[in-house]
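First the structure, in the form of structure tokens, and then the observations on it.
Every number here is computed from the coordinates shown, using simple stated rules; none is lab data. Please read all numbers here as calculations on a predicted model, not as lab measurements. We place every Cβ from the backbone using ideal geometry, glycine too, and count neighbours over all the protein chains shown.
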Amino acid sequence: MSTGNCSLAATKCRDSARSLGLTYLLHVGRLDWTKINPDIFGSMIQAVAEDKERGELGMHYTSVPNILKVLNPLFLDDLRTKLKEAGDSVRMLLNLRKRLARIRVFDPACGSGNFLVIAYKEMRAIEAEINRRRGEQDRASEIPVTNFRGIELRDFPAEIARLALVIAEYQCDVLYRGQKLALAEFLPLRSESWITCGNALRLDWLSVCPPRGTDVKFRADDLFETPLDQAQIDFENEGGETYICGNPPYLGNTWQSAEQKAEIRDVVNGRTLSAGFLDYVAGWFVKAADYIKCAGGVAAFVSTNSICQGQAVPILWPMVYGTGGDILFGYTSFKWANLASHNAGVTVAVVGIGAPGNEPRRLYEHQDDGSVVLREGASITPYCLWVLPSSLKSAMYLCRNWL
Ligand SMILES: C[S@@+](CC[C@H](N)C(=O)[O-])C[C@H]1O[C@@H](n2cnc3c(N)ncnc32)[C@H](O)[C@@H]1O
């Protein structure tokens with residue numbers, strides 16, 4: 001390319017970056033910033049994305065009620081039950097507080113970080129109640145915001161995710177400890193990066209969210225676009241639990257680029273010859289199952305319900321079962337909807353996977369009147385998510401072998 005062409009290309013690049021920046025700014029100006037919440041960041045990013053980009057990357061943000069369909073059965077319900085059981089027992093409250101401080105939440109398609117922010121805020125509410133019952137309302141939070149990890153392909157939402165968590169920390173401090181203490185500790189803003197900008201199907205999840213230790217190796221810019229020397233960031237979580245969550249991109253097999261198809265092929269790594277029939281979201285289930293096999297944890301994603309229908313079932317689910325994983329809970333199909341102007345128009349389900357324990361499987365079934373009924377049983381089928389009673393458990397094993 002000649003020097004003239006280079007400078008023309010550079011000018012075009014700068015102009016398009018400026019116009020994107022301007023679009024973001026104009027949209028931001030129209031939002032209500034008094035109560036910054038994930039709906040605002042999510043709708044902002046979804047609204048200003050180009051139609052093509054939005055479709056190709058599955059950039060559709062998840063509403064708070066749908067985020068809770070993932071996070072509640074994944075781990076928040078259990079924490080709230082433990083809080084109730086603890087009553088005013090000083091020892092049980094202390095144990096629960098220690099447990100909270102070591103929980104890692106990891107969203108490997110985090111967009112603007114809404115799952116991470118909601119998880120953080122809900123955990124802070126539980127911690128605040130513990131502190132209230134112990135008469136320690138002023139106590140600083142022991143839940144490190146850096147335990148909320150994410151991967152996001154695009155750098156702008158990745159930066160927003162980190163900013164959103166910093167804001168969430170401040171909001172919680174104001175709410176539970178008062179403005180004076182919150183302000184005293186807010187500045188300087190943390191400059192480390194714990195949200196990874198990269199391709200989740202290419203990155204090693206164990207290094208982004210290691211089961212123990214302090215390992216974080218990735219590249220990112222700080223809020224002001226200054227390149228950082230990546231410090232290793234402590235996970236104050238030795239022995240803690242890991243919960244993987246999110247709403248990874250949906251992309252039917254006919255819409256995937258050659259690159260995306262190659263990513264899925266590499267993730268399944270020879271375990272099936274039919275990877276080309278899978279929705280892109282299936283890659284996240286396989287990566288999560290592999291992660292859990294190595295490091296433990298539980299994962300739940302909002303997903304197109306195609307992974308529980310037709311040809312995808314005998315391709316995807318044997319890979320998950322092959323890691324020792326199982327479907328632990330789920331929400332049956334529901335229509336996708338959020339507050340943004342560009343809705344995805346798909347039917348989705350929530351599926352939670354992990355190592356099977358003795359607890360009953362939980363299936364939340366959407367009813368025609370809009371209510372949700374919880375059914376418990378011995379097993380959940382990957383086909384259409386049906387819960388089976390103990391009497392049919394052996395039929396489930398037969399079905400699995402047939403798969
Ligand atoms: C359905 S959105 C959900 C994002 C976020 N949870 C929300 O509700 O706003 C999926 C996100 O995955 C990101 N994404 C797409 N392909 C990806 C990949 N290969 N690796 C990591 N992130 C990816 C998109 O940019 C988008 O932000």
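Over what distance in Å are the Cα centres of the stretch 86-164 and the stretch 243-303 separated?
27
Assigning unit charges at the beta carbon (Lys, Arg +1; Asp, Glu -1) and nothing else, what dipole magnitude in debye, to the nearest 20, does the stretch 134-198 show about its Cα centre?
On the way: 8 positive and 10 negative charges, 18 e Å.
The dipole of the stretch 134-198 has a size of about 80 debye.
Rounded if a/c is under 1.5, else prolate if a/b beats b/c, else oblate: with a ≥ b ≥ c from the C-alpha gyration tensor eigenvalues square-rooted, which is the stretch 248-403?
It comes out oblate by the Cα gyration axes.
What number do you get for the stretch 77-160 when its Cα radius of gyration is normalised by 2.2 N^0.38 Å, N = residues? Don't skip to the end; give the middle numbers.
On the way: Rg = 14.6 Å, N = 84, 2.2 N^0.38 = 11.8 Å.
That works out to 1.23 for the stretch 77-160.
Where in the stretch 72-97 is the amide nitrogen less than 18 Å from a point lying 7 Å along the Cα-to-Cβ axis of residue 355?
The answer is 75.
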